[in-house]
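Take a look at the structure below.
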């Protein structure tokens, strides 16, 4: 192994891998304990996702509520302790998704998108800002950062909520410059028409989120998988297949909760 891996501090790195139980050491030999799964999507996986999305469409379930709240929570809310690798053995794969949510008690911004994407929406922006403190901010967010400065997500949500409430109640919005309004327009969540300002971002009411929706027939199988890594991987694949259908070429799935 030393001949193959000649990087500096390799032995220290190897010991750390053993300590974290990602590599097993047995009689001077080593083996991987890390699970690897093939990312190729089968026809069965695709059909299962198509059946689910079609069934929910027929029931006229709000997509934001279904895919952003119910399905995401039922699949991933209790899954924390997992670690595995993925092998791309074919071109027929789907990216895994991540969810970001930020705001305050009045207004929450939610974004669900592929892990390798950086969509221009408030939830993703504030997630990156919190992770990097603005250092090395991706180019897609730089104009937004220059506009709103170092405002935190809670204060930003408070100011944006006033705009959302005014639009929903069809109230006039003052003509003076408003950086929060400009930011809303920049992220394509608000548009001005001949009839006035209109929200383009889908909105969920808090009371809607508490309603029951039974999707057990579609997820019972996953919860019966005993191996944690295998279970989470299969859940991620199912969710990715569903989102590929729902997004239909869009970069992200974002909405507001009030």
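Derivation of every value follows stated rules applied to the coordinates shown; laboratory data play no part. What you are looking at is a predicted structure, and each value in this text was computed from that prediction instead of being measured. Quick reminder, even Gly has a Cβ in these numbers, built from the backbone with ideal geometry, and neighbours come from all protein chains shown.
Using a 10 angstrom cutoff on alpha carbons, build the Gaussian network for the chain and name the most mobile of 80, 229, 104.
80
Within the range 72-98, whose backbone N sits under 14 Å from a point 7 Å along Cα→Cβ of residue 40?
Answer for the range 72-98: 87-94.
How many angstrom lie between the C-alpha centres of the range 166-222 and the range 23-48?
The range 166-222 and the range 23-48 have Cα centres spaced 41 Å from each other.
Taking the Cα centroid of the range 80-104 and of the range 141-157, what is the distance between the two, rounded to the nearest whole Å?
27
Subtract the Cα-Cα distance of residue 245 and residue 88 from 0.36 nm times their separation in residues, and report this length gain in nm to one decimal.
54.5 nm
Highest mean first, what order results for 46-58, 110-122 on Cβ atoms within 10 Å?
Going by the mean number of other Cβ atoms within 10 Å, highest first, we get 110-122, 46-58.
Multiply the residue separation of residue 228 and residue 166 by 0.36 nm, subtract the distance between their alpha-carbon atoms, and state the gained length in nm to one decimal.
Difference between extended and current length: 17.7 nm.
Given R₀ = 30 Å, FRET efficiency for residue 173-residue 58 by Cβ-Cβ distance, to 0.05?
Efficiency at R0 = 30 Å is approximately 0.20.
Could you check the spin-label model distance between residue 135 and residue 116? Points 7 Å from the Cα along Cα→Cβ, value in nm.
Output for this residue pair reads 2.6 nm.
When the chain is fully extended, how far beyond the present Cα-Cα distance does residue 220 get from residue 47, taking 0.36 nm per residue of separation?
Length difference between fully extended and current span is 60.6 nm.
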